[in-house]
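What follows is calculated from the coordinates using simple rules that are stated; it is not laboratory data. Owing to the predicted nature of the structure, the values given are computational and were not obtained by experimental measurement. With ideal geometry, Cβ positions are generated from the backbone for all residues, glycine too; neighbour counts draw on all protein chains shown.
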């Protein structure tokens, strides 16, 4: 059996190594993979569909892509967005860039996060462009302006989208492609990542009293972080969401077993409710930990991305609902704990929904895959949602 157009396109996307080389501005070795090869492939593909393509270079090898359909004055504008980068391949148990169709699934790095949603968007986009070229209101097809946006540097904390410039034709609404199992998502948490460090004094291990053990100091800080997580973070609530969370992800300290450590640092992951501002929370948390632990902690690194909460009655949410009704398979909108580029689009005032085939449980997995039935269903949902949105 031949693969569907979406599965065939997804296989091509998976073959392209677009692993994130790290955070923007980080040094990288010659020949390290970037998003460029995928952006070049998409540029050629979208130009063949009649779209005008712009590449915005954040640094060498790392572009955003913005493609525009021919503009129809007075018609609404809908954007599809999907990030270009994937996570690394360490620990994978399947060939990462050799897509395999097996048991109704397609396997490979990025198949789920987020080249599957991207492929569904691209196939839907091609059909919608054909619709628009022949659309007349009398024939029951309303015209629609279309954008496709591919952002780099999402896997390092949604940092790339903050530098996106949408020149000229601006969208009225944005669908952000992520694995949501084809459920429209209208909210997600903010994220806050930071490093806390403490200083001590080195000494010989046989005379620890001559030094100041930084790991012992950090133990007090970690205990304080846990108290903060169990009290202050639990005070806020938001409909549909579980409370904010905090997790210490890594700890680094000391040089040798027989040397009292003079420094120690931890990396901390905090997931906040949409109304909680990461910058303000970090300031409050640091002050609370210093007072509670008595330790002079320093913030030595931080990264943050905004939360997202769309109106449940927005035009785009209504279009998803109408599409579900038309297909006889409505899925109520939901919220998720992970962070996406939707935070920045929502912050900029765009009517935004996160949507796509695949499960977050397969994202970044050692055996990443996507269910092909979901992939093909996503194409139909996106097409019908866009048609419903054009009539709003």
Computed over the chain: longest principal axis from alpha-carbon atoms vs helix 315-327 long axis, angle to nearest 10 degrees, is 60
With all distinct Cα pairs included, what does the Kirkwood hydrodynamic radius of the stretch 27-81 come out to in Å, to one decimal, could you say? 12.8
Among 97, 345, rank each residue by its count of other Cβ atoms within 10 Å, from fewest to most, as a rough exposure measure. 97, 345
Dividing the helical contributions, -39500 (n - 2.57) per DSSP H run of n ≥ 4, by the residues of the chain yields a 222 nm value, nearest 500 deg cm²/dmol, of -9500 deg cm²/dmol
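Working out 0.36 nm times the residue gap between residue 98 and residue 30, then minus their Cα-Cα distance, what length gain in nm do you get to one decimal?
Working: separation 68, 0.36 × 68 = 24.48 nm, distance 2.35 nm.
That pair, residue 98 and residue 30, stretches by 22.1 nm at full extension.
Can you put 381, 360, 166, 175 in order of Cβ neighbours within 10 angstrom, beginning with the fewest?
360, 166, 381, 175
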Counting other beta carbons within 10 Å of each residue's own, what order do 64, 191 fall into, fewest first? 191, 64
Length gained when the stretch residue 338-residue 284 is fully extended (0.36 nm per residue, less Cα-Cα span): 17.2 nm
By how many degrees, between 0 and 90 and to the nearest 10, does the Cα long axis of helix 372-390 differ from the longest principal axis of the chain? 70
Overall Cα dimensions of the stretch 190-305, principal axis frame, Å, largest first: 56, 22, 19
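Kindly work out what percent of the DSSP beta bridges joining two residues of the chain are antiparallel, to the nearest 5. Walk me through the numbers on the way to the answer.
Working: 48 of 68 bridges.
Taking every DSSP beta bridge with both residues in the chain, the antiparallel ones total about 70 percent.
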Looking at the square roots a ≥ b ≥ c of the eigenvalues of the Cα gyration tensor of the stretch 179-252, which shape do they give, rounded for a/c under 1.5, prolate if a/b is larger than b/c, or oblate? prolate
Relative contact order of the stretch 190-305, please, whole-number percent, based on alpha carbon pairs below 8 angstrom and at least 6 residues apart. 44
quick shape note, the chain: Cα extents on principal axes in Å, largest first -> 86, 44, 41
Taking springs between alpha-carbon atoms closer than 10 angstrom, which of 159, 283, 54 fluctuates most in the Gaussian network model of the chain? 283
Where Rh is the Kirkwood radius over Cα pairs, Rg/Rh for the stretch 2-142: 1.02
In percent, what relative contact order does the stretch 287-392 have, based on Cα pairs under 8 Å that are 6 or more apart in sequence? 31
